[in-house]
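One structure below.
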Amino acid sequence: MTPFEPKIVGFLCNWCSYAGADKAGTAQIAYPPNLRIIRVMCTGRVDPQFVLSAYREGADGVIILACHPGDCHYKEQNYRAIQRHRLLLRLLAPFGIGEARCRLDFVSAAEGETFARVVTGMVEELKTMGPIGLQA
């Protein structure tokens, strides 16, 4: 029997988090291959329906990686992402999807190590929780 490997969909801000992932790659900082990256211009643009679609398509977890508060390329849209994430957690709770499966974090373009640490931490946490087990 093969060990459980979680599937994670990551919505990454083009200006900070995606560049942080790129920095991790160029610095050859290893992180688990469980993350499928969706590059968005701003995490304020991540509609909760995008996250619900990710779960519907088989994701065990979703991570939204934004710019640090106050560093948004579009002024204050990452604050909007924070508000949407709070709403999303309320939407997911009745389906038994806990907060650990839908995470919001902040990674700047210079934080390749932080990116790898955040992704590795989420993969390890999801491995302990097991598959999401949603019924279609």
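The values are calculated or read from the model by the stated rules, or taken from the named source; none is laboratory data. Since the structure is predicted, the reported quantities are computational estimates derived from the model, not experimental observations. When we count neighbours, we look across all protein chains shown, and the Cβ atoms used for this are built from the backbone with ideal geometry, even at glycine. We work out accessible area using only protein heavy atoms, side chains counted, and drop any ligands, DNA or RNA first. Shrake-Rupley method; radii C 1.70, N 1.55, O 1.52, S 1.80 Å.
Observations, loosely collected:
- Conditions (1) of a type outside the set (S, T, N, Q); (2) under 13 Å from the mean Cα position of the chain (by Cα); (3) crowded, with 19+ Cβ neighbours inside 10 Å; (4) not in a helix (DSSP H, G or I): number failed by I97: (2)
- Among (1) part of a helix (DSSP H, G or I); (2) over 16 Å from I29 (Cα atoms), the one test that V118 misses: (2)
- Residues in the stretch 20-41 that are under 10 Å from F115 (Cα atoms) and open to solvent by less than 30 Å² (accessible area, probe 1.4 Å): G20, A21, A24.
- Count - residues of the stretch 81-94 that are surrounded by fewer than 18 Cβ atoms within 10 Å (Cβ to Cβ) and among the charged types (D, E, K, R): 2
- Pair list, Cβ under 9 Å, 6 or more apart: the stretch 30-48 residue closer than 21 Å to H73 by Cα, other residue exposed (fewer than 13 other Cβ atoms within 10 Å of the Cβ) and of a type in the set (D, E, K, R): G44/E76
- Yes/no for G44 being of a type in the set (G, A, S), modelled with pLDDT under 95 and crowded, with 16+ Cβ neighbours inside 10 Å: yes
- Taking residues in the stretch 67-90 that are within 18 Å of F115 (Cβ to Cβ), and partners anywhere that are open to solvent by 60 Å² or more (accessible area, probe 1.4 Å) and assigned to a helix (DSSP H, G or I), the pairs with Cβ atoms closer than 7 Å and at least 6 places apart or on different chains are P69/Y79.
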